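See structure below.
The values are calculated or read from the model by the stated rules, or taken from the named source; none is laboratory data. Quick caveat: nothing in here was measured; it's all calculated off a predicted structure. Cβ sites come from the backbone with ideal geometry, for glycine too, and all protein chains shown count toward neighbours.
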């Protein structure tokens, strides 16, 4: 029995040294991985895109809910959806008049601009 305890005493420091070495290597690997990892790619781009999307949605919401001019020269106006539906229902009580009014407004809105005056030829 005495020889077994002597062997155990001799082996114990080696086992402890091996386990200590593994712990030290594991800690070094963890530290290297933690501090040598680059920042995620596009992190600043995510913030820019999120801000742009929020601005776009705010502009869309404003365009849907507030009236405004689309083309003041041609008389084209943007109306909120609820107002446009009420005007539509009111106007289409008489379908024949509404149809002719709609056709005239479309022709006015899509009319081609007048031709630019032609320059006289330099040889004339």
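Any residue that is closer than 30 Å to residue 106 by Cα and in contact with a helix residue (DSSP H, G or I) (Cβ under 9 Å, 6 or more places away or on another chain) - is there at least one of those in the range 43-63? The answer is no, given that none of the residues of the range 43-63 is closer than 30 Å to residue 106 by Cα and in contact with a helix residue (DSSP H, G or I) (Cβ under 9 Å, 6 or more places away or on another chain).
Screening 51, 115, 74, 108 for residues that are out of contact with any strand residue (DSSP E or B) (no Cβ under 6 Å at 6 or more places or on another chain), surrounded by 10 or more Cβ atoms within 10 Å (Cβ to Cβ) and not in a helix (DSSP H, G or I) leaves exactly one candidate, 74.
Going through (1) surrounded by 10 or more Cβ atoms within 10 Å (Cβ to Cβ); (2) over 21 Å from residue 109 (Cα atoms); (3) modelled with pLDDT of 90 or more one by one, residue 11 falls short only on (3).
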